[in-house]
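I have placed the structure first, in the form of structure tokens, so that the comments after it can refer back to it.
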Amino acid sequence: MNMTGAQSMVRCLEEEDVSHIFGYPGATISPFYEALYHSESIQHILVRQEQSAAHMASGYARITGKAGVCVVTSGPGATNLITGIATAYMDSIPLVAITGQVQSYLLGRDIFQEVDITGAVSPFIKHTYLIKKAEDIPRIFKEAFHIATTGRPGPVLIDVPIDMQEAEIDFSYPEEVNIRGYKPTINGNLKQLKKVVKTIAAAERPLICVGGGAFCAKAQVQVRQLCE
């Protein structure tokens with residue numbers, strides 16, 4: 001099915017059952033917003049400043065257990081997400097941040113509202129993407145949601161140049177994700193667990209310190225069983 005990169009971005013979000021996104025429009029993300037206007041299933045929450053979009057998406061993820069999505073433009077719009085992204089990373093919150101970017105052929109020339117946002121957030125983000133081929137949009141969106149929500153959850157950023165949003169592609173959404181080098185596991189280390197069990201068994205007054213991660217992992221019942 002032929003469509004623009006921007007339309008494919010919206011379709012990707014719909015395929016991931018995204019019902020709410022938080023954002024603030026701007027020049028380099030305007031093709032996406034034009035396409036979003038025609039979506040019947042995604043509700044856009046307009047914020048007053050981009051930092052709020054990241055924090056609101058983070059709060060949405062904490063409550064629903066789904067990946068929160070925020071969308072902003074390039075330059076200062078993108079840099080205003082940094083605190084929210086860092087917070088999501090430290091708190092293991094699944095977050096997908098979508099940023100507009102200047103034309104791909106102008107990257108690295110320090111033109112108006114160009115910021116290397118993928119580099120800026122690299123110390124505190126689970127993964128970043130810079131779209132270089134419009135036909136990669138479906139695969140990258142599928143991978144982004146997979147990475148954000150599996151293993152230890154965290155934020156993923158997708159930087160989309162405006163010419164990639166305007167380009168025509170033959171849209172097909174992947175059914176599976178296979179990322180070489182990313183095979184997260186939630187199984188504990190048996191050797192270390194045996195040490196924990198032995199230590200707890202020997203304790204006279206054991207203290208269990210439980211953080212928000214227990215709620216994010218929906219492990220309340222297991223924690224309660226452990227306490228009992």
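Here, each number is a calculation from the coordinates, and none is a lab measurement. What you see is a predicted model; the values in this text were computed from it and never measured. All Cβ positions, even for glycine, are placed from backbone atoms using ideal geometry, and neighbour counts span all protein chains on display.
Computed over neighbours whose Cβ is under 14 Å from that of GLN113, the net charge equals -4, Lys and Arg +1, Asp and Glu -1.
Name the chymotrypsin sites (Phe, Trp or Tyr not before Pro) in the stretch 137-188 that are in a loop by DSSP and that have at most 15 other C-beta atoms within 10 Å, would you?
TYR182
The packing ranking, built from the mean of other Cβ atoms within 10 Å per residue, places the peptides 68-76, 19-27 in the order 68-76, 19-27, highest first.
Angle of helix 50-64 to the longest C-alpha principal axis of the chain, folded into 0 to 90 degrees and rounded to 10: 40°.
With the simple model of a label 7 Å out from the Cα in the direction of the Cβ, GLU176 to GLN220 spans 3.6 nm.
List the relative contact order of the chain as a percent without decimals, with contacts defined as Cα pairs under 8 Å and 6+ residues apart. So the answer I get is 22 percent.
Over 27 Å apart at the Cα level, from the set LYS66/LYS195; LYS133/LYS183; LYS126/LYS195; LYS194/LYS218; LYS142/LYS194, are LYS66/LYS195; LYS126/LYS195; LYS142/LYS194.
Dipole check for the chain: with +1 at the C-beta of Lys and Arg, -1 at the C-beta of Asp and Glu, and the Cα centre as origin, the magnitude is about 1560 Debye. Amide H contacts for PHE22 (H built 1.01 Å from N in the peptide plane; partners 5 or more residues away or on another chain; cut-off under 5 Å): ILE45, VAL69, CYS70, VAL71. In plain terms, the chain from ALA203 to ILE111 could stretch by 26.9 nm, reckoned as 0.36 nm per residue minus the Cα-Cα distance. For the chain, the direction-averaged projected area of the alpha-carbon convex hull comes to 14.3 nm². Taking the average, over residues, of other Cβ atoms within 10 Å as the packing measure, peptides 38-47, 193-202, 122-131 rank 122-131, 38-47, 193-202 from highest down.
Count charges around TYR182 for me, please; just the other residues with Cβ under 15 Å from its Cβ, Lys/Arg as +1, Asp/Glu as -1. Intermediate results must be reported in sequence, preceding the final value.
Values: positive: LYS126, ARG139, LYS142, ARG152, ARG180, LYS183; negative: GLU143, GLU176.
Here the count lands on +4.
The residues packed around MET3, meaning those with a beta-carbon under 11 Å from its beta-carbon, carry a net charge of -1 if Lys and Arg are +1 and Asp and Glu are -1.
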